[in-house]
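J.: Structure provided below as structure tokens; questions to follow.
The values are calculated or read from the model by the stated rules, or taken from the named source; none is laboratory data. None of the values given here were measured: they were computed from a predicted structure. No Cβ is skipped: glycine too gets one built from the backbone with ideal geometry, and neighbour counts run over all protein chains shown.
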């Protein structure tokens, strides 16, 4: 199995251009596919999930293999369900097929879709969907709502989704609505849920913005690297991406200043290590890993809640973080979907870490090299799923890496 070793090095200023957002790109591609203009989506990232989605939409084959892409599979399920008269098998890797997709399949079928679960994947027979109302209670993934929203305009009555119970990752649903509006489809989000009227997407030029989810790992690097200044390029402060919350969540640990179209991020030299830092990540659970390892690396006490669906991701992310903290000798306590961190790193030369086939786990572990002698990560190529150039960007920014 491939591996990489990371060691901290250098001082001064480093510049990094963050990759384009795969979350935004994937939404735009589904909308563009419905008006026959995939080429109108510009600045697509090299992320495996996005490139896989693009290839499947270009080829429009009867077999659509989604690899490890959860968003790819769920968005394609909804897209295929409304392709009238066309039949497709939607499938993916063994790990992907073990993840929960049944709630989305059930929701689509309730709207009139024809989807059968087979040993190989989901057999989808496209048709017009004419039932315009649905209830989703305690949806464990916002991707279910986003997938439905992206094709709701093609439904005969549009779609009203009553979103009841706990609402997880709401900013991702809001992102979907904002991207839809760019394509001319109004989407209303209110206290009861979501409403999308029947409307076809318009053909528009769409530029994919820089990725705030990827920026989180550079915020972690900045927080743990007291002698480095990071200049992050390509980020927009426009409220489109919920993970722009990096600015707020890392504010105890870094200062971030807008300068000439870039964001300059430096470690905060006056961190209160006696205080308990409490983080509710209900709306931004993807930021859990880099934020948790930031706190561990700085030796601050922290409590994390709102992690309800993280056991359903590429790995059980709460368990994976807890396992890494144990190896690092960090006092911690897990209680259901909450985690507390109680002290500094006790082992500066840990054993190699297995990211458990989770791209975000690999990228979040790497910055601990700023406070440990070195960090070794197996299966380091897993980052191709969302940020293929991560290790090259790290080397270019002055950190030492060795394969």
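J.: Quick one: would you say residue 373 is in the same structural domain as residue 223 (by TED's automatic domain parsing), part of a loop (DSSP other than H, G, I, E, B) and more than 17 Å from the chain's Cα centre (by Cα)?
T.: Yes; evaluated as a whole, the condition is true for this residue.
J.: Of all the residues that make up the stretch 91-113, how many are farther than 17 Å from residue 157 by Cβ, outside any loop (DSSP other than H, G, I, E, B) and touching a helix residue (DSSP H, G or I) at 6+ places or on another chain (Cβ under 8 Å)?
T.: 5
J.: If you check residue 271 against the conditions, is it in a loop (DSSP other than H, G, I, E, B) and buried (at least 18 other Cβ atoms within 10 Å of the Cβ)?
T.: When the stated conditions are applied, residue 271 does not pass them.
J.: Which of (1) farther than 22 Å from residue 172 by Cβ; (2) in contact with a strand residue (DSSP E or B) (Cβ under 9 Å, 6 or more places away or on another chain) is the odd one out, the single condition residue 29 does not satisfy?
T.: (1)
J.: Let me ask another. Yes or no: residue 41 touching a residue at least 60 places away in the same chain (Cβ under 8 Å), out of contact with any strand residue (DSSP E or B) (no Cβ under 8 Å at 6 or more places or on another chain), outside the structural domain of residue 372 (by TED's automatic domain parsing) and farther than 30 Å from residue 399 by Cβ?
T.: Values: touching a residue at least 60 places away in the same chain (Cβ under 8 Å): yes; out of contact with any strand residue (DSSP E or B) (no Cβ under 8 Å at 6 or more places or on another chain): no; outside the structural domain of residue 372 (by TED's automatic domain parsing): yes; farther than 30 Å from residue 399 by Cβ: yes.
Considered against the rule, which asks whether it is touching a residue at least 60 places away in the same chain (Cβ under 8 Å), out of contact with any strand residue (DSSP E or B) (no Cβ under 8 Å at 6 or more places or on another chain), outside the structural domain of residue 372 (by TED's automatic domain parsing) and farther than 30 Å from residue 399 by Cβ, residue 41 comes out as no.
J.: With the requirement that a residue be assigned to a helix (DSSP H, G or I) and in contact with a strand residue (DSSP E or B) (Cβ under 6 Å, 6 or more places away or on another chain), what does the stretch 289-305 give you?
T.: The answer is 295, 296.
J.: Just for the stretch 193-222: of the residues that are out of contact with any strand residue (DSSP E or B) (no Cβ under 6 Å at 6 or more places or on another chain) and farther than 19 Å from residue 18 by Cα, which one is surrounded by the most Cβ atoms within 10 Å (Cβ to Cβ)?
T.: So, considering only residues that are out of contact with any strand residue (DSSP E or B) (no Cβ under 6 Å at 6 or more places or on another chain) and farther than 19 Å from residue 18 by Cα, the one surrounded by the most Cβ atoms within 10 Å (Cβ to Cβ) is 201.
J.: A follow-up question, please. What do you reckon, is residue 161 touching a helix residue (DSSP H, G or I) at 6+ places or on another chain (Cβ under 7 Å), without any contact (Cβ under 8 Å) to a residue 40 or more places away in the chain, within 18 Å of residue 75 (Cα to Cα) and crowded, with 16+ Cβ neighbours inside 10 Å?
T.: Here the answer is yes, as residue 161 does meet what is asked.
J.: Quick check: is even one residue across the stretch 4-17 under 22 Å from residue 142 (Cβ atoms) and part of a loop (DSSP other than H, G, I, E, B)?
T.: If we filter the stretch 4-17 for residues that are under 22 Å from residue 142 (Cβ atoms), which is where we start, we get none.
Within the stretch 4-17, none of the residues are under 22 Å from residue 142 (Cβ atoms) and part of a loop (DSSP other than H, G, I, E, B).
J.: Among the residues of the stretch 234-242, are any assigned by TED's automatic domain parsing to the domain that holds residue 281 and not in a loop (DSSP other than H, G, I, E, B)?
T.: Just the residues of the stretch 234-242 that are assigned by TED's automatic domain parsing to the domain that holds residue 281, to begin with: 234-242.
Imposing the further condition that a residue be not in a loop (DSSP other than H, G, I, E, B) reduces the set to 242.
Yes; the residues of the stretch 234-242 include at least one that is assigned by TED's automatic domain parsing to the domain that holds residue 281 and not in a loop (DSSP other than H, G, I, E, B).
J.: OK, next. Can you tell me which residue among 308, 333, 393 is within 23 Å of residue 278 (Cα to Cα) and either assigned to a helix (DSSP H, G or I) or free of Cβ contacts under 8 Å to residues at least 12 places away in the same chain (or both)?
T.: 333
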